[in-house]
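Notes follow once the structure below has been shown.
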Amino acid sequence: MSPLRKLASQTAVYGLSTIFGRFLNYLLVPLHTRVFDTDEYGVVSELYAYISFFLVVLTYGMETAFFRFSQDEEKKDKVFPTAFVSVSISSVVFMLGMGVFAQPIANVIRYPNHPEYIVIFSLILGFDAMASIPFALLRQQGRPTKFAIVKNINIISNIILNIYFLMLCPYMQHKSNISLPFYDATIGVGYVFISNLAASIITLPLLSKEILWMKKGFDPTLWRKMIAYGLPLLIVGLGGMVNETLDRAIMKYLLPAGKGTLSQVGIYGANYKLSILMSLFIQAFRFAAEPFFFSHAKTLDKKTIYARVMDYFVIVCLGIFLFVTLCIDLFKHFIGEQFYEGLKVVPILLLANLFLGVYYNLSIWYKLSDQTSKGAIISLIGAGITIGLNIWWIPVFGYVGSAWATFLCYFSMMLICYVMGMKYYPIPYHIRHILSFTGIALILFFAGWFCRNIFSTGNLMRTLSINSALFLIFIAAAGLFIRQDRI
């Protein structure tokens, strides 16, 4: 099997499992945006933004360090236990500390009546951080099937509990005056977080076979090397999370009084979910690509392979961008009607995520050349752009300003990473191909939105017919390129 076909097959396995699981999880969006109003959904969006940020802190680059040092045969068996023990100890300390200071933290983030949110989220973060290293072991060993099974058990458990607490229990209480076990109507939004915690607790025992690898022993010398390699990646990850989640975390503090602060957070968070297909593909690709890139680091044609991977990655991402934006009249039904006003940010966020995906591809140069400090610099620049533009634009443009800040941040990071990569670890990317396909996709996108607004207003079937034809044009162009290139 050729390297590209192997990468494609592993991406497909991770992708199918990820798409299946995340799609099931995504079905919670229609539930949440109909059970909760925009203010309540704003609470969900804001607090999950904190989870993404702190999960990066609690893993502090150990996943990538694990892949990097697993290539060294001399201490290969010591890499997993060293990483797992390190992350587990730091996670336990974090959970204890958050439990002790739950009330002051709740006061700071303006949830003084709900310190239990802090406790629940600290437990979710601690258990998820500990599970991240066994999941990395499954990826490193090329075992996507078990990876998928465990991930999907986590997701399905979360969904079942959400349905139980948010649909079944209220229905039985309202229709038959029957109170089902463990249900208290006053908890409300809290059941979203409780369901997530239960799913996270279920996950760890399912990884017990992998966790037993820790018996091979913790190596302090190796740990210091892994920390030195991983800490710059912590800055990279923090910068990434600032760029990805800061807007939802700080929006309520920057919006003028009386502008429906949590409501805007909720509307923005719900429409952010409509970029789910792009996020799913990028996540599936990253699961397969990171170990793939490291495994080919010593081959003679590695740079040619990396360049071809970029071509196909961009084509798929552009296809997803067109599919979602040209079919937005269908995709919008995944969220409640009260959230439709935010649909205008969906194309902006899709393109922003495309730039982020390209950045992930480009970033392989500083990981392979052990120059992770350069990646930290790029992330800090991106974080600075995100913070500055959000502070400037949110008070003026609301959540639309956040969307454009995300767009410009990821575009800047992509551009800087490419320029630096050409200097320190040049890879012959096919820029002409990439720009050509991007131009075709944008032309088709604007043609579709023009036809929708001018010729097809109010006529769903006509809109879908025109946009389907435009999408098929892109598919034909992509097919022609693939046929000529031959994977």
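Quick look at the values:
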| item | result |
| --- | --- |
| Test: residue in segment 237-256 that is without any contact (Cβ under 8 Å) to a residue 60 or more places away in the chain and either buried (at least 19 other Cβ atoms within 10 Å of the Cβ) or in contact with a Phe, Trp or Tyr (Cβ under 7 Å, 6 or more places away or on another chain) (or both) | no |
| Any hit, segment 335-349, residues being open to solvent by 10 Å² or more (accessible area, probe 1.4 Å), within 22 Å of I466 (Cα to Cα), in contact (Cβ under 8 Å) with a residue 60 or more places away in the chain and under 19 Å from the mean Cα position of the chain (by Cα) | yes |
| Cβ pairs under 7 Å, 6+ apart, first in segment 182-195 and touching a residue at least 60 places away in the same chain (Cβ under 8 Å), second not aliphatic (A, V, I, L, M) and not in a helix (DSSP H, G or I) | V189/F36 |
| Some residue of segment 69-91 being over 20 Å from I124 (Cβ atoms), without any contact (Cβ under 8 Å) to a residue 12 or more places away in the chain and open to solvent by less than 70 Å² (accessible area, probe 1.4 Å) | yes |
| So R139, is it of a type in the set (D, E, K, R), in a helix (DSSP H, G or I) and open to solvent by less than 30 Å² (accessible area, probe 1.4 Å) | yes |
| Which listed residue is exposed (fewer than 15 other Cβ atoms within 10 Å of the Cβ), over 21 Å from M310 (Cβ atoms), touching a residue at least 12 places away in the same chain (Cβ under 8 Å) and of a type outside the set (F, W, Y), from S373, S402 | S373 |
| One residue from S468, S412 being polar (S, T, N, Q), within 30 Å of the chain's Cα centre (by Cα) and open to solvent by 50 Å² or more (accessible area, probe 1.4 Å) | S468 |
| Number of the condition not met by V150 [criteria: (1) of a type outside the set (S, T, Y); (2) part of a helix (DSSP H, G or I); (3) over 20 Å from the mean Cα position of the chain (by Cα)] | (3) |
| Evaluation of F218 against (1) open to solvent by less than 10 Å² (accessible area, probe 1.4 Å); (2) over 19 Å from F147 (Cβ atoms) (one fails), failing number | (1) |
| Single residue of L47, L28, L58 found to be under 22 Å from A136 (Cα atoms) and open to solvent by less than 20 Å² (accessible area, probe 1.4 Å) | L58 |
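The values are calculated or read from the model by the stated rules, or taken from the named source; none is laboratory data. Note that the structure is predicted; figures quoted are calculated from it, not measured. FYI the Cβ positions are ideal-geometry reconstructions off the backbone, even for glycines, and counts take in every protein chain you see. The accessibility values were calculated without ligands, DNA or RNA, using every heavy atom of the protein model including side chains. Shrake-Rupley method; radii C 1.70, N 1.55, O 1.52, S 1.80 Å.
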